Amino acid sequence: MAEYGVVLPIGSQVLRQMLPHVLENTEEGLTDYFKQLLRRQQVRLISLDEELFGPH
């Protein structure tokens with residue numbers, strides 16, 4: 001994401017918190033394809049969290 005000017009601090013918790021904001025912000029210059037890939041990874045992360053820790 002750095003090539004698009006989007007840099008996040010290291011850590012899974014930060015990723016969980018910031019990913020929805022990155023996807024909503026259309027000014028970041030992310031391509032639609034890249035946003036689609038990020039959304040799929042977000043779904044996988046949520047699924048994994050639920051498998052490990054139970055539903056929110």
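On the stretch given as segment 33-56, residues that are open to solvent by 70 Å² or more (accessible area, probe 1.4 Å) and either in contact (Cβ under 8 Å) with a residue 60 or more places away in the chain or outside any loop (DSSP other than H, G, I, E, B) (or both) total 13. Filtering 30, 8, 23 for residues that are part of a helix (DSSP H, G or I) and either surrounded by 10 or more Cβ atoms within 10 Å (Cβ to Cβ) or of a type in the set (Ser, Thr, Tyr) (or both) leaves a single hit, 23.
Contact annotation: no residue pair with Cβ atoms under 6 Å, 6 or more positions apart or on different chains, pairs a residue in segment 12-29 that is modelled with pLDDT of 85 or more with a partner that is open to solvent by 50 Å² or more (accessible area, probe 1.4 Å) and in a helix (DSSP H, G or I).
The values are calculated or read from the model by the stated rules, or taken from the named source; none is laboratory data. Keep in mind the model is a prediction, meaning the values are calculated, not measured. All Cβ positions, glycine included, derive from the backbone under ideal geometry; neighbour counts span all protein chains shown. Keep in mind that these areas ignore ligands, DNA and RNA; they rest on the heavy atoms of the full protein, side chains included. Shrake-Rupley method; radii C 1.70, N 1.55, O 1.52, S 1.80 Å.
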